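The values are calculated or read from the model by the stated rules, or taken from the named source; none is laboratory data. Only a predicted model underlies this, so the values are computations on that prediction, with no experimental measurement involved. Neighbour counts are summed over all protein chains in view; Cβ atoms, including those assigned to glycine, are modelled from backbone coordinates with ideal geometry.
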Amino acid sequence: MGLRSQLEAREDKILSPLAARSASSKGRPRPEPECSLRPAFQHDRDRILYAKSFRRLKHKTQVFLAPTGDHYRTRLTHTLEVSQIARTLARALALNEDLTEAVALGHDLGHTPFGHAGESVLQKLLPGGFHHYEQSLRVVDHLENDGKGLNLTYEVRMGILHHSKGRGKFLAAPDEQLDLTLEGQLVRAADVMAYIAHDTDDAIRGGVITRAELPQVVRQVLGDRLSRQIDTMVRDLIDQTLKGGGPRLVMSPQAEEAMLALRDFLYKRVYDNMEVHIDFEKASKVVTELFMRLMEKNEFYQSCLSTPPPADIDQRRMHAADYIAGMTDRYALHLYEDTFLPKPWGRI
Ligand code: MG
């Protein structure tokens, strides 16, 4: 028996009957010989880790725009925290940790520079709208690997596509039909747990809120410190799901209520707070002007994308959006400066 088959057999032995199994994956967009060493989901995790778009996450905004303070989260540290929480949940519930980690590491690859400021600009500029979760799938399917895509398994791709729930419920309702493995659902929950805890932590660090201002239900149920908040949420989901014994994730009504209260509080006090977003307007202008330039100036398009613009306007728009969405905050700022601001004459 080859090494991969041994690992697949081990999965079969130790994982819950509800877990996804690498050997029973619904497959890849293009069939390929599987790695002799690694099961499919483990291989996918590694492909994402080595992708260029993964490395760019370190210079993309989470909430606070291009923070100069070294301790604020970026998209990369957010992604790693989601992965940590999701893997803890997966291991405790005997679900597939490799699949969980692959989805977690890939879930935000499609995020624009400047966080939601960038996303909402592209949403307005593109006739079909723009959503970071669809873009994340586009990145792994079409843009990475010099346009060939990473050819990931169906389960990882669907986990990435369906990770976002906006302001909706983060656990699937009992009758909800989702094309999502339990591992994919874990990442959805872990994403919320991670961001409500670390955005609270960063907002306190930034002096935007104080611990004492957290809603009472949050302080009572989740506590007012990051480690206790995450610990409480993680343990609640594990305990309730094991108690439920069924094929869905469960949390206690108290924990869910406290999480929703914390998320609402963050929307009000941080995400929609003009003091935090004082530079959002400027960031929106940077993204808008770069996009318009790509649409209007052929030489600019060619110099940025190293190919002449396509004649078809929809195609051109799509490539311009892909290019912009892939930028880090600092790349967008440099390109803007280079394109629109005068440079001092250097010769004496
Ligand atoms: Mg996320």
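Below is a table of values for the structure above.
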item: Any hit, region 262-273, residues being among the acidic types (Asp, Glu), surrounded by fewer than 19 Cβ atoms within 10 Å (Cβ to Cβ) and more than 22 Å from the chain's Cα centre (by Cα); result: no
item: Any hit, region 52-67, residues being hydroxyl-bearing (Ser, Thr, Tyr), under 30 Å from ASP12 (Cα atoms) and either in contact with a helix residue (DSSP H, G or I) (Cβ under 9 Å, 6 or more places away or on another chain) or surrounded by 13 or more Cβ atoms within 10 Å (Cβ to Cβ) (or both); result: no
item: Matching residues in region 54-108 - criterion: being in a loop (DSSP other than H, G, I, E, B) and within 16 Å of the ligand (Cβ to nearest atom); result: LYS60, GLN62, VAL63, PHE64, TYR72, ARG73, HIS107, ASP108
item: Some residue of region 255-271 being in a loop (DSSP other than H, G, I, E, B) and out of contact with any strand residue (DSSP E or B) (no Cβ under 9 Å at 6 or more places or on another chain); result: no
item: Some residue of region 119-137 being over 11 Å from the mean Cα position of the chain (by Cα), within 14 Å of the ligand (Cβ to nearest atom) and surrounded by 18 or more Cβ atoms within 10 Å (Cβ to Cβ); result: yes
item: Unmet requirement for CYS35, which otherwise passes all of (1) modelled with pLDDT of 95 or more; (2) assigned to a loop (DSSP other than H, G, I, E, B); (3) buried (at least 23 other Cβ atoms within 10 Å of the Cβ); result: (3)
item: So THR100, is it modelled with pLDDT under 95 and buried (at least 20 other Cβ atoms within 10 Å of the Cβ); result: no
item: The one condition in (1) out of contact with any His (no Cβ under 9 Å at 6 or more places or on another chain); (2) charged (D, E, K, R); (3) within 25 Å of ASP329 (Cα to Cα) that ARG205 fails to fulfil; result: (1)
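Let's see how each residue does on (1) within 13 Å of the ligand (Cβ to nearest atom); (2) among the aliphatic types (A, V, I, L, M); (3) part of a helix (DSSP H, G or I):
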site: GLY149; (1), (2), (3): no, no, no
site: LEU152; (1), (2), (3): no, yes, no
site: LYS165; (1), (2), (3): yes, no, no
site: PHE170; (1), (2), (3): yes, no, no
site: GLU176; (1), (2), (3): no, no, no
site: GLN185; (1), (2), (3): no, no, yes
site: ASP191; (1), (2), (3): yes, no, yes
site: ALA203; (1), (2), (3): no, yes, yes
site: GLY207; (1), (2), (3): no, no, no
